[in-house]
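Chemist: Take this structure first; my questions come after.
Bear in mind these aren't lab numbers, they're just calculated from the coordinates by the rules spelled out. Predicted, not measured: the structure shown is a model, and the values here were computed from it. Don't worry about glycine lacking a Cβ; one is built from the backbone with ideal geometry, like all the others, and counts go over all protein chains shown.
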Amino acid sequence: MDTSKFDHIPEDELWVTYKKTHSAEIREYFIVKYAPLTKYVAGKISSCLPSHVEFEDIVGYGVFGLLDAIDKYDPHKGVQFNTYAVNRIRGAIYDELRSIDWVPRSIRQKTRLVEESISSLESKLGRSATNEEIASSMGMTISDYDDLLLKISNSSIISLTSARFSNDATGESGSIGDSIEAPTAYNPDVIIEREEVKKIVIEAINELPDREKKVLIMYYYEDMTLKEIGQVLNVTESRVSQIHTSANLKLKIKLSNVTKGIM
């Protein structure tokens, strides 16, 4: 199907036409145009996954999110399609990865032990625990704890996008990661709810050690890859992966009560 005839038509006009006509040609045009966006999101996610997870599979999962975004996008709500689509693509990939349950049981158990240790320790301390304190509470050296973080990061999906919430009254749903990006294409009640979550997320991030905070800001706010972050911090990509995993584990604990309260 040759969709090149749409190249010179303003995109906002195409969206209005598509929403009125549901033209298969225009839909195909959008699919082709935004296919690179799907590959970009898939590439960013795959950098945090073990090598046995095929990149093409990740892209395939993301395509479902792109199709969903094209079908549900509302051009009248003032949100750029790129912003809207990234959330849908990312969500579709994470949902599919969770559904196939490929993470080894031993890694799930180790992740749970770390989370329990962080939760218990921070309840006692009343603040964010350092990795040295967490390692000590688990009877491990800091080196062994860092190795454990790397194993977890290579086999698990630990991300702000994994912590989801929903609004029963509106039927809207999303993730903590979505709230950071502050999308505006939502019911006003959901916007208020997400702004509150965003505030809590920012407060939780500010309680983290400086390097963990920097990694999260660069990864989620500046949309940098782990490799790019490593170049900025002058550390290896695997070290960034450890820091990223550590930060997300701590945030998951801090935000667990929040997500329970709004689901």
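Chemist: Given just the C-alpha atoms of segment 1-73, how large is their convex hull per residue in cubic angstrom? Display every interim value, and only then the final one.
Modeler: On the way: hull volume 6.8 nm³, N = 73.
Roughly 93 Å³ of hull volume per residue.
Chemist: Determine the sum of side-chain charges near Met140: Lys and Arg each +1, Asp and Glu each -1, restricted to other residues whose C-beta is under 12 angstrom from that of Met140.
Modeler: On the way: positive: Lys110; negative: Glu132, Glu133, Asp144, Asp146, Asp147.
Computed value for this residue: -4.
Chemist: Mind listing the long-range amide H neighbours of Ser128? Cut-off is under 5 Å, sequence gap 5 or more, other chains count too, H placed in the peptide plane at 1.01 Å from N.
Modeler: Excluding prolines and chain starts, which carry no amide H, there are no hits.
Chemist: Semi-axes of the equivalent ellipsoid for segment 40-127, please: Cα gyration tensor eigenvalues, times 5, square-rooted, ordered largest first, whole Å. Spell out each step's value before the answer.
Modeler: Values: eigenvalues 203, 80, 20 Å².
Those come to 32, 20, 10 Å.
Chemist: Next question, about the same structure. Could you sort out which of Lys39/Lys110; Lys227/Lys254; Lys72/Lys254; Lys20/Lys199; Lys124/Lys213; Lys5/Lys39 sit more than 29 Å apart by Cα distance in this structure?
Modeler: On the way: Lys39/Lys110 31 Å; Lys227/Lys254 27 Å; Lys72/Lys254 32 Å; Lys20/Lys199 38 Å; Lys124/Lys213 22 Å; Lys5/Lys39 24 Å.
Table pairs above 29 Å Cα-Cα are Lys39/Lys110; Lys72/Lys254; Lys20/Lys199.
Chemist: Now, a different point. Measure out, as a whole number of angstrom, how far apart the alpha-carbon centroids of segment 41-63 and segment 3-17 sit.
Modeler: 30
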